[in-house]
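Comments concern the structure below.
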Amino acid sequence: MIEVRHRLADITEPIDSAGPDTSGQNFIFVDLSSVDLNSKRIVAPRQLGLDSAPVRARQRLRRGDVLVSTVRPHLNCVASVPSNLDGAIATTGFSVLRPRPEILDERYLFRWVQGPEFIADMTRLASGASVPTISDALVRASEIPLPPLEEQRRIASVLDEADQIRLDRRDAIALLDELARSFYLSVVEGASVFGIVRDLVESASYGTSAKTSASPRGMNALPIIRVSDITSDGALNLTNLNVAEVDAAERERYSVKYGDVLFSRTGSAESVSKAAIFWGDQASAHAVNVIRLRPRHTASAEYLAYFLNSAHTKDTLRVMATINPINLLLASVPIPSFAAQALLTQELRDMHVLRVNEVAQLALLDELYVTLENRAFTQRL
């Protein structure tokens, strides 16, 4: 079958520039921050007053419009407009694609703009070093394979169903995370004693400042856990540790052991205040930007790490000019009973096992979806 392609400009309707309706007092505004990058949904539209309407609020939306961000196209900030946002106003930071229904199916278009070919094209055409952008004209000049309308609907239906399975899996992971938070909060609310982090740990210390490299060099080479090895969800990724030359005295001073809590004290806004527990048996040390907290009891490790990773604690610590072992030890913390901490540890570990399985299943589903997507837009589905 010969592949037929059309420019988006030829099969979508032009969008008139129109601000909010002045007959009302408020309007719904959709900007780039309104879209969830993972689910490709508009999750946080804002209600604004006419007097606070942004200059770029110039595109009136209809149900079924497909939004494509013209800022940082590699992030693929795209969404389909649901019926409850019909009439909302979008920022001109979106290219608003309104399919001509007799030629182009809206769901098929929505799936296409999430595909690797479209993303690669937009990324390649973007200009600007710090904030890459593309123009609405470039988006509309791009081409899409266009089978007959019924085939478009069939392809969109297959991809919709496959994607819904992925979304359900993500929802399951989010529910597990929420369950863990709820259990943690119930333990905190039951705490009758308030103290400081020092009450839960034997010590807190900086790590080694030795220069690291990606490959071992000598007999004293030791793997070093850095800020980048602590993941955003509070785990350690020990698969690609850098190493450093560490003598016997430094090895004794900076080594980590089973149950140590490792805390990121510097980095970007996303990495500061990350905490993870070292549950391994691999000989390792920690870097200078990672504070090692050694809990008095193993059960306290889970509680302490969860406390440090909580949104409230992160917000509290991030306003400090410098996070060091002294002010970290002095941070206020509710102290549940040892029995409550032990129970929390068991619950968190059980939920972690479930979460790891869900994440693994999601990875497999993502791979399957990529295969389906590729076949769909090369007429092999």
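The values are calculated or read from the model by the stated rules, or taken from the named source; none is laboratory data. Values in this document were obtained by computation on a predicted structure and should not be read as measured data. Don't worry about glycine lacking a Cβ; one is built from the backbone with ideal geometry, like all the others, and counts go over all protein chains shown.
With the requirement that a residue be of a type outside the set (S, T, N, Q) and part of a helix (DSSP H, G or I), what does the range 42-59 give you?
Keep residues of the range 42-59 that are of a type outside the set (S, T, N, Q), which gives 42-46, 48-51, 53-58.
Within the range 42-59, Leu50, Asp51 meet the criteria.
How about the range 353-381: which of its residues are under 30 Å from Ala299 (Cα atoms) and free of Cβ contacts under 8 Å to residues at least 24 places away in the same chain?
Of everything in the range 353-381, those that are under 30 Å from Ala299 (Cα atoms) and free of Cβ contacts under 8 Å to residues at least 24 places away in the same chain turn out to be Val353, Val356, Asn357, Ala360.
For the range 24-36, state whether one or more residues are surrounded by 14 or more Cβ atoms within 10 Å (Cβ to Cβ) and over 32 Å from the mean Cα position of the chain (by Cα).
no
Yes or no: Ser39 in contact (Cβ under 8 Å) with a residue 40 or more places away in the chain, part of a loop (DSSP other than H, G, I, E, B) and under 24 Å from the mean Cα position of the chain (by Cα)? Explain how you work it out, then say what you get.
On the way: in contact (Cβ under 8 Å) with a residue 40 or more places away in the chain: yes; part of a loop (DSSP other than H, G, I, E, B): yes; under 24 Å from the mean Cα position of the chain (by Cα): yes.
It is true that Ser39 is in contact (Cβ under 8 Å) with a residue 40 or more places away in the chain, part of a loop (DSSP other than H, G, I, E, B) and under 24 Å from the mean Cα position of the chain (by Cα).
Give me the residue from the range 1-36 that is among the small types (Gly, Ala, Ser) and without any contact (Cβ under 8 Å) to a residue 12 or more places away in the chain and, out of that set, farthest from Thr378 (Cα to Cα). Full working, then the answer.
Here is the first cut: in the range 1-36, the ones among the small types (Gly, Ala, Ser) are 9, 17-19, 23-24, 33-34.
Remaining after also requiring without any contact (Cβ under 8 Å) to a residue 12 or more places away in the chain: 23, 33.
Details: Ser23: 48, Ser33: 32 Å.
That would be Ser23.
Which of (1) modelled with pLDDT under 95; (2) part of a helix (DSSP H, G or I) is the odd one out, the single condition Pro20 does not satisfy?
(2)
Can you name the condition, by its number, that Thr378 falls short on among (1) among the hydroxyl-bearing types (Ser, Thr, Tyr); (2) in contact with a helix residue (DSSP H, G or I) (Cβ under 7 Å, 6 or more places away or on another chain); (3) farther than 23 Å from Ile196 by Cβ?
(2)
For the range 113-155, what are the residues that are among the hydroxyl-bearing types (Ser, Thr, Tyr), within 24 Å of Asn38 (Cβ to Cβ) and touching a residue at least 60 places away in the same chain (Cβ under 8 Å)?
Within the range 113-155, Thr133, Ser142 meet the criteria.
Would you mind telling me which numbered condition in (1) surrounded by fewer than 17 Cβ atoms within 10 Å (Cβ to Cβ); (2) modelled with pLDDT under 95 Ile196 fails?
Unmet condition: (2).
So which residues in the range 96-114 are of a type outside the set (Lys, Arg) and either within 13 Å of Leu8 (Cβ to Cβ) or assigned to a helix (DSSP H, G or I) (or both)?
In the first step, residues of the range 96-114 are kept if they are of a type outside the set (Lys, Arg); the result is 96-97, 99, 101-106, 108-110, 112-114.
Val96, Leu97, Pro99, Ile103, Leu104, Glu106, Tyr108, Leu109, Phe110, Trp112, Val113 - these are the residues of the range 96-114 that are of a type outside the set (Lys, Arg) and either within 13 Å of Leu8 (Cβ to Cβ) or assigned to a helix (DSSP H, G or I) (or both).
Does the range 87-95 contain any residue that is of a type in the set (Val, Ile, Thr), at pLDDT 95 or above, in contact with a strand residue (DSSP E or B) (Cβ under 9 Å, 6 or more places away or on another chain) and under 27 Å from Glu373 (Cα atoms)?
No, that holds for no residue.
For the range 82-95, give me the residue count where each residue is buried (at least 23 other Cβ atoms within 10 Å of the Cβ) and either part of a strand (DSSP E or B) or free of Cβ contacts under 8 Å to residues at least 40 places away in the same chain (or both). Don't jump to the end; show me each part of the working.
From the range 82-95, those buried (at least 23 other Cβ atoms within 10 Å of the Cβ) are 88-90, 94-95; that's our starting set.
From the residues that got through so far, the ones that are either part of a strand (DSSP E or B) or free of Cβ contacts under 8 Å to residues at least 40 places away in the same chain (or both) too are 89-90, 94-95.
Residues that pass the stated criteria total 4.
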